[in-house]
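Right, one structure below, let's go through it.
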Amino acid sequence: MGKTASSARASGLFALSIALCAAAAPGMPSGRCPLGGAMVGFELRLGSAAEKAPSRVVAASDMKSFSMATNADGRISCVWKGHPLLGAGFNAVAVFEPQPSGGWTYRFLYCGNASGLDVEEIVFPVVEVPRTDGTRFLYPRQTGLLELPSWQTAKPGARVVTFGPRFVGFRFAAVMDETLGNWYADARDEARRWPVSFNLYNGKGSSPTASFSLSCAMPCEPGTTAGALPYGGTIRPFRGDWFVAASIYRDWAARQPWYAAATALRASAPRLRDIGLWLWNRGRCDTVTGIVDRVLADTGAKIALDWYWWHDIPYGAQAPHYWPPREPYQLFSRTIAAMKAKGVYVQHYINGMCCDADDPRWTAADQAETAVLRNGSYMTSLFNRFFGHRSAWMCGNAPIFSDRISMVTRNLAGAGGNSIYVDMIANDACYACWSPSHGHPRGGGTHVTDGYHRLVERLRRENPGVHLSSEEETEAFLDVFESLIVLYGGYERFGFNEKKEMLPVYPAIYHTATTLYGSYATIDNVPPWDEKWPADKMRHETRDLVADFPDHFAVELARPVVWGIQPCVHNLLARHAEERRLAADYRFLCDTVKFYWNNRDLLYDGEMCAPGRIETARTTAEFLMRGTYTANGVYLTNTHADMPTVFHSVWRAPSGKVAAVLVNWTRSPQRYRLETPDLGTLSGELPPRSWVRRVR
């Protein structure tokens with residue numbers, strides 16, 4: 001943040017805070033502000049353009065003096081003064097205002113930085129609270145991850161969780177402990193474009209504590225001596241579960257204009273409500289459509305076709321040169337028209353952020369638009385291990401790349417589909433770019449996100465009536481994409497289990513503001529293979545993956561639906577519906593689609609309610625950790641040792657009716673007893689692989 005912006009935000013707050021603290025006793029020993037049972041401090045991370053990484057960390061405890069004062073209405077003002085590096089005239093100020101609902105709002109700013117170094121990151125708040133070995137950390141990884149760190153082996157002061165600044169679908173974190181209670185902190189970023197990171201540390205003192213922080217990557221503008229955290233937020237204790245934490249954040253988010261804009265965009269696309277299953281299929285026309293008639297007949301629901309690998313280039317290489325289609329244009333467009341005539345919603349894939357840096361068409365001009373890392377190298381990743389081509393991440397300020405994405409999007413729209421899936425943007429477009437030649441400040445800030453917002457808004461203008469979709473949870477792009485694919489309902493595939501439990505925090509906040517669909521559920525557990533990949537790297541399965549992982553498909557299909565995410569099956573082919581060994585899973589797929597279709601008043605229109613507590617048998621299940629680029633002969637497994645045999649959620653329909661949704665994903669009958677604030681006590685027995693809707 002530059003001088004003008006920080007001065008405008010900070011001047012009144014500085015004057016008030018310093019005046020309040022003038023009479024307070026300086027040199028308080030902790031250097032941190034006590035808020036209830038928590039201690040709150042800050043860190044600044046500083047560096048210069050000549051360095052390969054930030055070279056200095058300044059913490060609240062490093063300051064020469066600390067003063068705090070409380071005025072008549074309970075406002076707490078804290079001033080930290082003087083530092084050997086930052087100068088005797090350096091001041092950092094935090095103001096905390098008590099809230100009727102509990103806790104405090106905060107603001108943070110600083111001035112007088114005489115070090116000559118850039119403040120690259122503002123870490124505030126840093127909240128330290130007591131902990132036990134059972135203390136968990138809830139933070140915004142994917143839909144929301146509740147993690148139990150290995151406290152017993154963590155060294156004093158060690159960072160035990162770090163996350164961000166990418167993949168942020170909400171901006172709060174909470175330390176949760178059933179014995180001691182919970183602490184919550186959020187970043188109320190009204191622009192919802194600032195990159196925020198989340199960290200958890202083991203305490204250094206003689207008694208067990210946990211310290212968690214939110215940090216913002218700032219733009220580096222030479223000569224800036226003052227700055228402010230570009231948003232405020234809240235800190236508060238609370239009692240209850242993860243849903244209580246989500247509700248605190250939702251109460252704020254739902255009042256923001258972009259939430260209303262997203263809700264209006266959702267209402268303007270009623271066709272998305274009219275989907276009972278997404279077929280996430282890949283390849284040629286007859287391959288992706290061969291199962292359509294069978295699913296339509298067996299479910300009675302309308303479906304969507306999420307069509308990958310329609311393009312002539314291999315998947316995961318040679319982007320963004322997607323056009324022309326893999327098969328003759330006439331066949332391609334006729335197939336789209338035939339699907340739409342059956343009522344199928346047709347969506348096609350492109351990557352909206354990356355270029356193939358090893359493609360012969362890659363030029364110096366393309367490289368010049370690539371995002372630059374802190375160390376001066378270009379930002380690339382190796383996604384497609386079969387080709388070995390690097391994918392270059394493009395900066396938000398990339399006019400040549402934007403023109404290419406615009407062209408392929410117009411061509412696809414002209415072919416007649418309903419929607420275009422623009423990969424990665426919603427999930428990833430908030431990284432730092434350190435290029436000195438892209439026309440934006442070096443480092444963090446909103447410039448990458450702002451640039452991709454301009455690209456998506458351009459695609460919308462150029463293709464009226466065509467929907468856009470993107471990857472995973474987002475706040476920054478919530479009001480410009482009609483739908484989002486959400487894949488971590490089957491989180492065991494990605495290595496998570498009872499120690500790292502994925503929760504539906506994002507749906508609890510944003511379910512009524514966007515359309516969520518997706519899962520990697522693959523009925524035979526075999527990832528697809530692109531015919532254009534090198535033949536010598538082709539996978540040859542040596543195991544019966546259905547027999548070895550008999551519960552994987554059912555769990556990965558069912559849990560997202562319980563969370564209010566539209567059903568999705570990956571790579572379902574015509575032959576799968578005929579295979580005897582897949583009959584039970586195919587039947588469960590059809591039953592799941594029918595249940596969702598008949599309960600859209602809850603699972604599409606409804607608002608998630610407090611889940612309460614369920615008593616049901618728990619079991620151990622084995623999962624296969626595989627993805628599209630898993631190499632031949634690799635069979636990594638993951639054990640979830642404490643799984644409830646019945647998944648559930650509670651929803652309030654627009655009519656006001658509240659109902660519980662329950663599914664027994666196992667292959668044997670299961671009893672349950674559910675207690676929720678809205679429904680009281682419900683109990684019963686569910687047959688194997690079955691769904692039920694329960695009202696009191």
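If we keep just the residues of the stretch 140-189 that are in a loop (DSSP other than H, G, I, E, B) and β-branched (Val, Ile, Thr), which is farthest from Asp423 (Cα to Cα)? Break it down into steps so the answer makes sense when it comes.
First, pick out the residues of the stretch 140-189 that are in a loop (DSSP other than H, G, I, E, B): 140, 142-144, 148-150, 154-158, 164-167, 169-171, 177-181, 189.
With β-branched (Val, Ile, Thr) added as a condition, the list becomes 143, 179.
Values: Thr143: 18, Thr179: 42 Å.
Ranking the candidates gives Thr179 first.
When Asp530 is evaluated against the numbered criteria (1) out of contact with any Ser or Thr (no Cβ under 9 Å at 6 or more places or on another chain); (2) part of a loop (DSSP other than H, G, I, E, B); (3) farther than 23 Å from Phe588 by Cβ, which criterion, by number, is the only one it fails?
Going through the list (1) out of contact with any Ser or Thr (no Cβ under 9 Å at 6 or more places or on another chain); (2) part of a loop (DSSP other than H, G, I, E, B); (3) farther than 23 Å from Phe588 by Cβ, Asp530 breaks only (1).
When the stretch 561-599 is examined, which residues are found to be part of a loop (DSSP other than H, G, I, E, B) and of a type in the set (S, T, N, Q)? Steps first, please.
So the first thing to find is which residues in the stretch 561-599 are part of a loop (DSSP other than H, G, I, E, B), and the list is 563-565, 567, 571-573, 579, 599.
Those that are part of a loop (DSSP other than H, G, I, E, B) and of a type in the set (S, T, N, Q): Asn571, Asn599.
When you check Ala317 against the structure, is it over 30 Å from Ala357 (Cα atoms) and assigned to a loop (DSSP other than H, G, I, E, B), yes or no?
For Ala317, the condition - over 30 Å from Ala357 (Cα atoms) and assigned to a loop (DSSP other than H, G, I, E, B) - is not met.
With respect to Gly116, is the statement that it is in a strand (DSSP E or B) and at positive phi true? Give the derivation first.
Numbers: in a strand (DSSP E or B): no; at positive phi: yes.
Answer is no for this residue.
In the stretch 69-85, how many are over 21 Å from Gln99 (Cα atoms) and among the charged types (D, E, K, R)?
1
Quick grid of which residues meet (1) farther than 24 Å from Ala426 by Cα; (2) modelled with pLDDT under 95:
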| position | (1), (2) |
| --- | --- |
| Trp151 | yes, no |
| Val160 | yes, no |
| Ala173 | no, no |
| Trp183 | yes, no |
| Ala187 | no, no |
| Arg192 | no, yes |
| Pro195 | no, yes |
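I'd like the full set of residues that are under 18 Å from Leu146 (Cβ atoms) and out of contact with any strand residue (DSSP E or B) (no Cβ under 8 Å at 6 or more places or on another chain), limited to the stretch 244-264.
So in the stretch 244-264, the residues under 18 Å from Leu146 (Cβ atoms) come out as 244-250.
Across the stretch 244-264, the qualifying residues are Ala246, Ser247, Arg250.
Examine the stretch 97-108 for a residue that is in contact with a Gly (Cβ under 7 Å, 6 or more places away or on another chain) and farther than 27 Å from Val161 by Cα, and state whether such a residue exists. Outline the logic, then answer.
To start, the set of residues in the stretch 97-108 that are in contact with a Gly (Cβ under 7 Å, 6 or more places away or on another chain) comprises 98, 105-107.
When the remaining residues are screened for being farther than 27 Å from Val161 by Cα, the result is 98.
Looking for residues that are in contact with a Gly (Cβ under 7 Å, 6 or more places away or on another chain) and farther than 27 Å from Val161 by Cα, one finds at least one in the stretch 97-108, hence yes.
Among the listed residues Ser469, Ser406, Ser437, which satisfies the condition of being in a helix (DSSP H, G or I) and of a type in the set (S, T, N, Q)? Can you show your working first?
Values: Ser469 fails: in a helix (DSSP H, G or I); Ser437 fails: in a helix (DSSP H, G or I).
Selected residue: Ser406, the only one of Ser469, Ser406, Ser437 that is in a helix (DSSP H, G or I) and of a type in the set (S, T, N, Q).
List the residue pairs whose Cβ atoms are under 7 Å apart, where the first residue sits in the stretch 440-464 and is in a loop (DSSP other than H, G, I, E, B), the second is hydroxyl-bearing (Ser, Thr, Tyr), and the two are 6 or more positions apart or on different chains.
Sorted first by the residue in the stretch 440-464, then by its partner, the pairs are Asn463/Thr409.
State all residues of the stretch 284-294 that are surrounded by fewer than 23 Cβ atoms within 10 Å (Cβ to Cβ) and touching a residue at least 12 places away in the same chain (Cβ under 8 Å); if no residue qualifies, say none.
Arg284, Cys285, Thr287, Thr289, Gly290, Ile291, Val292, Asp293, Arg294
I need a count of the residues in the stretch 625-665 that are within 24 Å of Arg600 (Cα to Cα) and in a loop (DSSP other than H, G, I, E, B). Reasoning before the result, please.
The initial filter retains those residues of the stretch 625-665 that are within 24 Å of Arg600 (Cα to Cα), namely 645-665.
Those left that are additionally in a loop (DSSP other than H, G, I, E, B): 645, 653-657, 665.
Final tally of qualifying residues: 7.
Every residue, every condition in (1) surrounded by 20 or more Cβ atoms within 10 Å (Cβ to Cβ); (2) under 15 Å from the mean Cα position of the chain (by Cα); (3) farther than 21 Å from Ala574 by Cβ, yes or no:
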site	(1), (2), (3)
Pro507	yes, yes, yes
Thr522	yes, no, no
Glu531	no, no, no
Asp548	no, no, yes
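Which of the following residues is in contact with a Gly (Cβ under 7 Å, 6 or more places away or on another chain), surrounded by fewer than 20 Cβ atoms within 10 Å (Cβ to Cβ) and at pLDDT below 95: Ala53, Ala15, Ala5?
Numbers: Ala15 fails: in contact with a Gly (Cβ under 7 Å, 6 or more places away or on another chain); Ala5 fails: in contact with a Gly (Cβ under 7 Å, 6 or more places away or on another chain).
Sole residue among the options that is in contact with a Gly (Cβ under 7 Å, 6 or more places away or on another chain), surrounded by fewer than 20 Cβ atoms within 10 Å (Cβ to Cβ) and at pLDDT below 95: Ala53.
May I ask you to list pairs of residues, at least six apart or on different chains, whose Cβ atoms are under 6 Å apart, with the first in the stretch 421-439 being under 25 Å from Ser215 (Cα atoms) and the second being of a type in the set (Ser, Thr, Tyr)?
Pairs that qualify, where the first residue is under 25 Å from Ser215 (Cα atoms) and the partner is of a type in the set (Ser, Thr, Tyr), are Ile425/Tyr452; Ile425/Ser470; Ala426/Ser470; Ala426/Thr474; Ala429/Thr449; Ala429/Tyr452; Cys430/Thr449.
The values are calculated or read from the model by the stated rules, or taken from the named source; none is laboratory data. Just so it is clear, the model here is predicted, and its values are computed rather than measured. Virtual Cβ from ideal backbone geometry, glycine too; neighbours counted across all protein chains shown.
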